[in-house]
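Just dropping this structure here.
The values are calculated or read from the model by the stated rules, or taken from the named source; none is laboratory data. Keep in mind it's a predicted model, so treat the numbers as computed, not measured. Remember, those area values only see protein heavy atoms, side chains included, never the ligands or the DNA or RNA. Shrake-Rupley method; radii C 1.70, N 1.55, O 1.52, S 1.80 Å.
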Amino acid sequence: MKFGTSGLRGLVTDLQGRASALYTQAFAQHLTTSGAAKPGDAILVARDFRSSSPDIAATAIGALKRAGFEPLDCGPIPTPALALYGLKLKAAALMVTGSHIPDDRNGIKFYRPDGEIDKRDETGITTIAAELEKGEIDFASATAADRSAEATALFLDRNIHLLPADALSGLKVGVYQHSTVARDLLVQVLGHYGAAVVALGRSAHFIPVDTEAVSDETIGFLRGWAKEHSLDAIVSADGDGDRPLVADETGEPLRGDLLGLIAARFLNAQVVVTPVTSNSGIETAGDFKVVRTKVGSPFVIAGMDDALKAGETRVMGFEANGGLLTGSAFTVNARVIDPLPTRDSFLPMLAVLSLAADQKKPLSEIAASFSLPFAAADRLENFPVETSAALMAHLRASDDNLVAFLAPIGAVAAKSDIDGLRITLKDARVVHFRPSGNAPEMRCYVEARTEKDARDLLADGLGLIRAWAAQAR
C-alpha cells in the first residue's frame, strides 16, 4: 500500500480488511492531531462500483465509528459529488475507488473538511499507520446513515445551472455508461439541457476505463456507436467520475488537456494551473497565465493555492486527463459557482458540448481549430515498479545515457525533470517518460506536428522502454 498521484492504492488482497481499517484509523487520528476534525464530527464515506468497494467502505465505516466519529454513507456517487458535499458540511471524507485501474486493485482518496489532503497529510497518515500497524487492528465492518440522496442532489443542482436552458438542444449525445458512478447523472444532466441522449454499454461488472490512455477496444466501441447512432458526441468518465472522456462525431476521443483548455475559456479563467504533461501549446492558446506543476491533483491544488495567496482571481486547474479543479469562485450563466478544488468531469464535458452547440460545428472541426501540437499517450501495464525506477535512474545518471537511449528516435535538444523526464528533440518533437505514481505502470507522453508522427513517436518510445527492460532482466 502506498500513496500515489491520486490517493492510496494497492491490490484488493492487500487493501481489504486489516489495511483499509488501518489507514482509515490513521486518517481519523491524523484529523484529530492536526486539529482538522474532532471526535463526534461527521465523516463522509462513498465508493465506486468495483466488486471490492462495498466491503472496503463498510470496513472504513467501522473504523471511523471506533475512532469516535460519525460516519455518513454517501453510497456510490462521483468523487466530485462527495467532495462538494463535504465542503458544504465542512466534513472530512473518504472515497473508496481505484479510479481507472483494474478491478483486482482498489484505493482510498482522503479529504479534509476543506478539501483534498496534501503531501504533508499523506506523510502524517503514513507515519501514524506505521505505528498503529505494530498493534492489533480491529477491522470489523459497520453501517451508517444513508446520505447519498442529499449528496447527489447538491451535485446535480450545481451542474444543471452551468448552461442556459436547452443549451444542448439539437445535439445527439451518447453516454458510455460502463461501470462509472457518473453514468446516471450524466444522462440526467445532458437531458436537462435538451440533448437527445443515447445510453450505451452499461455494465454490471467493473470495466477499467482510462480516459488519458483510451484503449483500442474502447475506441472501437466509440467509433461503432458514433456511426450506428449518428451521434454528435459521446461522453463518459472513469470509475469514480472525476476524469472526463469526450469523443467527437466519429468516436475519436479528444485530448483531456484540450477539454481543460476549452473549460478555461468557458470560465474566462485568469490563471490556469496544469501539470507538465499537458500540451505545450496551452501557454499560447488563451488570455490566461499558465503555471506548470508535477503530475497529480495535490500539486495542481498547491499551485492554485499559491496563485490565490498572490492575489489572483478566477483561478482553475486541470490535469492532462481533463479533470478540472476550481480554486476560486466563478460566475457562470449569471450564477456564482463555489470553488471545487478536486477533479471534476462534468464541467469540462458541458463546456465542450456547449461550444459545439453554439458554433454548430462538428467536434472534430472544433478540436482542429485550436491548432495544438498533436499529442498521444499510453502506458505499459504490469510494468514492475523496480524496473521503471531503474530505467529512470539510468537516464538521469548522465546525459550520455539519455542521448544513447534516445538515439534511435532523435537528437536531444532540451530536457525537464519536473516529473519524470520530458525531452524536447531537435526537430521539436517531445517525448516524456514517467512511471505511474500509484500503479505498476510506465507511461509515455509525446507531441509532434502531425497525428501520424505522434503515434509513431509513441510506439517508438514504448518500444525503447520494452527493449531496455528486456535487456535489464
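If I take the Cα coordinates of region 1-148 and project them onto the principal axes, what are the three extents in Å, biggest first?
Here the Cα extents, ordered largest to smallest, are 34, 33, 29 Å.
Let me ask you something else. Taking 0.36 nm per residue of separation and subtracting the Cα-Cα distance, what length does fully extending ASP400 through SER371 add?
That works out to 7.0 nm of additional length.
Can you list the HN-Hα couplings for region 87-100, worked out from phi with the Karplus curve (6.51, -1.76, 1.60; θ = phi - 60°), rounded to whole Hz and with x for Gly and Pro?
Whole-Hz 3J(HN,Hα) from phi for region 87-100: 5, 5, 7, 6, 10, 5, 7, 9, 10, 8, 6, x, 6, 9.
Separate question: Give the separation of the Cα centroids, region 184-205 to region 270-321, in Å.
So the two Cα centres are separated by 30 Å.
I've got another one for you. List, in the order given, every pair from LYS109/LYS134; LYS65/LYS90; LYS88/LYS294; LYS2/LYS65; LYS227/LYS361 whose Cα-Cα distance in the structure shown is over 27 Å.
In this structure, LYS88/LYS294 lie more than 27 Å apart at Cα.
I've got another one for you. Report P(r) for region 179-285: all Cα-Cα distances, bin width 10 Å, range 0 to the bin holding the largest distance, values in whole percent.
Spelled out per bin, shortest first, that is 13, 42, 34, 11, 0.
Give the relative contact order (percent, whole number) for the chain; include only Cα pairs under 8 Å separated by 6+ residues.
Once normalised by length, the contact order is 13 percent.
Under a cut-off of 20 Å between alpha-carbon atoms, report the lysines in cross-link reach of LYS452, not counting same-chain residues fewer than 8 places apart.
Cα-Cα hits under 20 Å: LYS426.
Using the heavy atoms of the protein chains and a 1.4 angstrom probe, tell me the accessible area per residue for the chain in square angstrom.
Per-residue value: 39 Å².
Continuing with the same structure: Based on the alpha-carbon gyration tensor of the chain and its eigenvalue square roots a ≥ b ≥ c, which shape applies: rounded if a/c is under 1.5, prolate if not and a/b is larger than b/c, or oblate?
Here the chain falls in the oblate category.
While we're on this one: Can you tell me the convex hull volume per residue for region 170-212, based on C-alpha atoms, in Å³ to the nearest whole number?
Taking only Cα atoms, region 170-212 has a hull volume of 71 Å³ per residue.
Also: From zero up to wherever the largest Cα-Cα distance of region 331-473 sits, split into 5 Å bins and tell me the percent of pairs in each.
2, 8, 15, 17, 15, 13, 10, 9, 6, 4, 1, 0, 0
Residue by residue through region 126-141, which ³J(HN,Hα) values in whole Hz follow from phi under the Karplus form 6.51 cos²θ - 1.76 cosθ + 1.60 (θ = phi - 60°), with glycine and proline marked x?
Those phi angles translate into 4, 5, 5, 4, 4, 6, 4, 5, 6, x, 7, 10, 7, 10, 5, 7 Hz.
Shape of region 129-228 from its Cα gyration tensor (a ≥ b ≥ c, root eigenvalues): rounded if a/c is under 1.5, otherwise prolate when a/b > b/c, or oblate?
Taking the square roots of the gyration eigenvalues as a ≥ b ≥ c, region 129-228 is oblate.
Now for a different question. Sum -39500 (n - 2.57) across every DSSP H segment of at least 4 residues in the chain, then divide by the residue count to get the 222 nm mean residue ellipticity, nearest 500.
Taking each H run of at least 4 residues, the total per residue is -12000 deg cm²/dmol.
Run the accessible area of the chain with a 1.4 Å probe and give the carbon-and-sulfur part as a rounded percent.
Carbon plus sulfur share of accessible area: 51 percent.
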